[in-house]
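Quick one: structure below, then a few questions.
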Amino acid sequence: MLHLSLILVSGFLFQAPARPALSPQERGDIFMARKMYREAIDVYKEAPESAVILNKIGIAYHQLTDLATAQKYYAAAVKKDPTYTEAMNNLGTIYYSKQSYRRAIAQYKKVLRLKPDSPSTLANLGSAYFARKQYELASESYQKALALDPTVLDSNNAVGSVVRDRTVGDRPTFFYYLAKSYAKAGMKEQAMNYIRKALEEGFKERKKFMEEPEFANLQKDPDFIKLMEIEPKVL
């Protein structure tokens, strides 16, 4: 549908250029950006069915914490297009939310076989490994994710096509491994931030920051030395 309008120029009326109406997908994306998820669902359902639309409906239900319905739509998207990695990743986040970590890992690996350069999926894989206490595998996945996107571990995409899951149980250890990953990547500011968070959350093995090779480049830094000398207030 085209919207027509008139403009007044020097006393004469002219027809303004026609502007096409927004598609249901575009309108749904606007509702998602405004966090109006139920409205987004209604509008997306007006669009022709596709893997992209099914995935977006799944994300909207995911944001409403209706995991069962979100899973149904993610699965439908993958059935519609078995190579659609965004929906495959998001299905993995459902398994993760249900604490089916082994199944989540298997799902993320499926994605990475098709799209090995997906930083969000690599970060999700790291979180799933972490939940299973496979810390070195988690750290390796985080390293690969950071190499592709230095901001991926600090972001939590809620309205795009890929869902990131950062819910963890052992927060002190989680922050320690994030600090380790950032330090190894040479990202001092982020590493220091997560060292501080780990200590504030009660991480007990402070000596690891002084001894492990990943932190070697920080150990002569005045800010690092000061942080190691201060006894942080545990939150």
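The values are calculated or read from the model by the stated rules, or taken from the named source; none is laboratory data. Nothing here was measured: the structure is a model prediction, and the numbers come from that model. As a convention, Cβ positions derive from the backbone with ideal geometry for all residues, glycine included, and neighbour counts pool all protein chains shown.
Would you confirm, using the coordinates I've provided, whether L153 is of a type outside the set (F, W, Y), within 19 Å of the chain's Cα centre (by Cα), outside any loop (DSSP other than H, G, I, E, B) and modelled with pLDDT under 90?
yes
Answer yes or no: is there a residue in region 203-213 that is closer than 24 Å to R132 by Cβ, in contact with an Asp or Glu (Cβ under 7 Å, 6 or more places away or on another chain) and in a helix (DSSP H, G or I).
No, region 203-213 contains no residue that is closer than 24 Å to R132 by Cβ, in contact with an Asp or Glu (Cβ under 7 Å, 6 or more places away or on another chain) and in a helix (DSSP H, G or I).
Go through region 188-235 and give me each residue that's buried (at least 18 other Cβ atoms within 10 Å of the Cβ) and among the β-branched types (V, I, T).
I195
Can you work out which of the residues in region 32-57 that are basic (K, R) and exposed (fewer than 15 other Cβ atoms within 10 Å of the Cβ) is farthest from the chain's Cα centre (by Cα)?
K45
Can we say K144 is at pLDDT 90 or above and under 30 Å from K98 (Cβ atoms)?
Taking the combined requirement at face value, the residue satisfies it.
Wholly within region 14-83, which helices (runs of 4 or more DSSP H) include no fewer than the required count, namely at least 1 residues that are within 23 Å of R113 (Cβ to Cβ) and β-branched (V, I, T)?
So the answer is 51-63, 67-80.
Out of everything in region 84-107 that is in contact with a Leu (Cβ under 7 Å, 6 or more places away or on another chain) and closer than 10 Å to L125 by Cβ, what residue ends up being surrounded by the most Cβ atoms within 10 Å (Cβ to Cβ)?
Q107
Failed condition for L64, given (1) among the hydrophobic types (A, V, I, L, M, F, W, C); (2) under 26 Å from A179 (Cα atoms); (3) within 18 Å of the chain's Cα centre (by Cα), with all others met?
(2)
So how many residues does region 197-224 have that are of a type in the set (D, E, K, R) and in contact with a Pro (Cβ under 7 Å, 6 or more places away or on another chain)?
2
So the check is Cβ under 8 Å with 6+ separation or different chains; which pairs have a first residue in region 109-138 that's modelled with pLDDT under 95 and a second one that's among the acidic types (D, E) and outside any loop (DSSP other than H, G, I, E, B)?
As it stands, the answer is G126/E140, since those pairs meet every condition given.
A75: at pLDDT 95 or above, surrounded by fewer than 21 Cβ atoms within 10 Å (Cβ to Cβ) and touching a Lys or Arg at 6+ places or on another chain (Cβ under 6 Å), yes or no?
Spelling it out, it is not the case that A75 is at pLDDT 95 or above, surrounded by fewer than 21 Cβ atoms within 10 Å (Cβ to Cβ) and touching a Lys or Arg at 6+ places or on another chain (Cβ under 6 Å).
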